[in-house]
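See below for the structure under consideration.
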Amino acid sequence: MADPLVRVQGVSKQFSTPGAFLKPPRSMMAVRGVTLSVPRGAVVGVVGESGCGKSTLARLVLRLLEPSEGAVLFDGSDLTALSPRDLRKLRGRMAMVFQDPYSSLDPRYTVADVLAEPYVVQGLGMPEGRVQDLLAKVGLNAGMAQSYPHQMSGGQRQRVGIARALAMNPEFVVLDEPTASLDVSIQAQIIALLQRLQAELGLTYLFISHDLGLVRYFCSEIVVMYLGAVVEQLPHPEAPPRHPYTATLMASNFTPDPLLRRELSGLTGEIPSAFNLPKGCAFAARCPRVMARCGQENPILETDAGGHAVACFNPI
């Protein structure tokens, strides 16, 4: 088997808040010891409730954030060990599509300027006709090259964001909730576009989402996160869940709002504070299968012979 294109090895990210009058400084682990692989040509989905660390992980994978611990390997090169100059050389092989297509585009730039920006950053000249080629790839008319973001719909802006991600012909694209801010009908169009582009260009995706139904439809493998840690990795979308949290996600019929934390059906108790995680398993207070051991020890992610990994002392 060929080596994965991307390996994330024990990556953690700690954020700290400064102290204030009568308030001591605090710190939280937004991502806790995450290890995962993204095979070439695969679509690996990362799913979990809002605030579980998905978007932070996405930025760590591309080294848009510096990890507090761990390493990220891209095609064998440790991104966390590269100098800024060497990292820039690899940037053309990876890209990101952001959640909000309006805030991720400079309102002062035309579409042509947006698509030329990756070449400017790399100190390269943009090939003649490249703007029109990129617009055609994402289903936009060449006449939109001189439009500004405020003149386009949300779906059109997200297509421009996708075109920008494709500008340097990347192999790996991180999709950070690319449909979360769009209407349902537009979401379906964007997912169909991403599927077509992957087939045509041989892309590898890391797909971040709060919508497990969409992840099961779009992705070839699923990673489930809870409070910064991976609790389960499903080798294929139809694999039966073994972690109680994953099982609850799959059984829930709700549609999560990415900006608001929604209560999951079948779960009791409160989500622990990321600033004050309890001893043992972070899910123990809400888990229907909790045992005494769960409150004392933190379960380790263990993988079976079929590639299914779960971090639970009492799996389903």
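Output the qualifying pairs, or none if there are none: Cβ atoms under 7 angstrom, residues six or more apart or on different chains, first residue in the range 292-316 and at positive phi, second residue part of a loop (DSSP other than H, G, I, E, B).
Every condition considered, the pairs that remain are G307/P235.
Wholly within the range 125-209, which helices (runs of 4 or more DSSP H) include no fewer than the required count, namely at least 2 residues that are out of contact with any Leu (no Cβ under 7 Å at 6 or more places or on another chain) and surrounded by fewer than 20 Cβ atoms within 10 Å (Cβ to Cβ)?
Values: elements: 130-137, 154-166, 184-201.
Correct list: 130-137, 184-201.
Is it fair to say T56 is of a type in the set (S, T, Y) and farther than 19 Å from Y205 by Cβ?
No.
Has the range 255-269 got at least one residue that is in contact with a Cys (Cβ under 9 Å, 6 or more places away or on another chain) and at pLDDT 95 or above?
Residues of the range 255-269 that are in contact with a Cys (Cβ under 9 Å, 6 or more places away or on another chain), as a first pass: 267, 269.
Still in the list and also at pLDDT 95 or above: none.
Taking every residue of the range 255-269 in turn, none turns out to be in contact with a Cys (Cβ under 9 Å, 6 or more places away or on another chain) and at pLDDT 95 or above.
In contact (Cβ under 8 Å) with a residue 12 or more places away in the chain, within 30 Å of A274 (Cα to Cα) and aromatic (F, W, Y) - does that describe any residue in the range 101-121?
yes
Residue check: is P315 under 21 Å from the mean Cα position of the chain (by Cα), more than 17 Å from C52 (Cα to Cα), at pLDDT 90 or above and not polar (S, T, N, Q)? Talk me through it step by step, then tell me what you get.
On the way: under 21 Å from the mean Cα position of the chain (by Cα): no; more than 17 Å from C52 (Cα to Cα): yes; at pLDDT 90 or above: yes; not polar (S, T, N, Q): yes.
No; evaluated as a whole, the condition is false for this residue.
Considering only residues of the range 147-188 that are within 18 Å of Y102 (Cα to Cα) and of a type in the set (S, T, N, Q), which is modelled with the lowest pLDDT?
Checking each candidate, the answer is S181.
Which of the residues that make up the range 103-122 are under 19 Å from the mean Cα position of the chain (by Cα) and over 22 Å from D133 (Cα atoms)?
S103
Name the residue that is nearest to E221 (Cα to Cα), counting only residues in the range 272-312 that are modelled with pLDDT under 90 and in contact with a strand residue (DSSP E or B) (Cβ under 9 Å, 6 or more places away or on another chain).
Of everything passing the filter in the range 272-312, A274 is nearest to E221 (Cα to Cα).
Being more than 17 Å from L227 (Cβ to Cβ) and assigned to a loop (DSSP other than H, G, I, E, B) is the filter here, so list the residues in the range 295-312 that pass it.
Quick first cut of the range 295-312, residues more than 17 Å from L227 (Cβ to Cβ) only: 296, 302-309.
Matches in the range 295-312: Q296, D304, A305, G306, G307, H308.
Quick test for you: out of S55, S77, S50, pick the one residue that is closer than 20 Å to L194 by Cα and either in contact with a Leu (Cβ under 9 Å, 6 or more places away or on another chain) or polar (S, T, N, Q) (or both).
So the residue among S55, S77, S50 that is closer than 20 Å to L194 by Cα and either in contact with a Leu (Cβ under 9 Å, 6 or more places away or on another chain) or polar (S, T, N, Q) (or both) is S55.
Every residue in the range 50-87 that is crowded, with 19+ Cβ neighbours inside 10 Å, of a type in the set (A, V, I, L, M) and part of a strand (DSSP E or B), please.
Listed by number, the list holds a single entry, V72.
So which pairs qualify, if the first residue must be in the range 38-49 and free of Cβ contacts under 8 Å to residues at least 24 places away in the same chain and part of a loop (DSSP other than H, G, I, E, B), the second must be surrounded by 19 or more Cβ atoms within 10 Å (Cβ to Cβ) and of a type in the set (K, R), the Cβ gap must be under 9 Å, and the two must be at least 6 apart or on different chains?
none
Taking only pairs six or more apart or across chains, which ones have beta-carbon atoms under 7 Å, a first residue in the range 80-97 that is farther than 12 Å from V174 by Cβ, and a second residue that is among the aromatic types (F, W, Y) and at pLDDT 90 or above?
Listed by first residue and then by second, the contacts come to L90/F74; R93/F172.
Would you check if there is a residue in the range 224-247 being at pLDDT 95 or above, within 24 Å of V138 (Cα to Cα), touching a Ser or Thr at 6+ places or on another chain (Cβ under 9 Å) and not basic (K, R)?
no
Can you list residue pairs whose Cβ atoms sit under 7 Å apart, with the first residue in the range 167-188 being closer than 25 Å to V6 by Cα and the second being surrounded by 21 or more Cβ atoms within 10 Å (Cβ to Cβ) and charged (D, E, K, R)? Count only pairs 6 or more apart in sequence or on different chains.
From the range 167-188, no pairs qualify.
The values are calculated or read from the model by the stated rules, or taken from the named source; none is laboratory data. Predicted, not measured: the structure shown is a model, and the values here were computed from it. Virtual Cβ from ideal backbone geometry, glycine too; neighbours counted across all protein chains shown.
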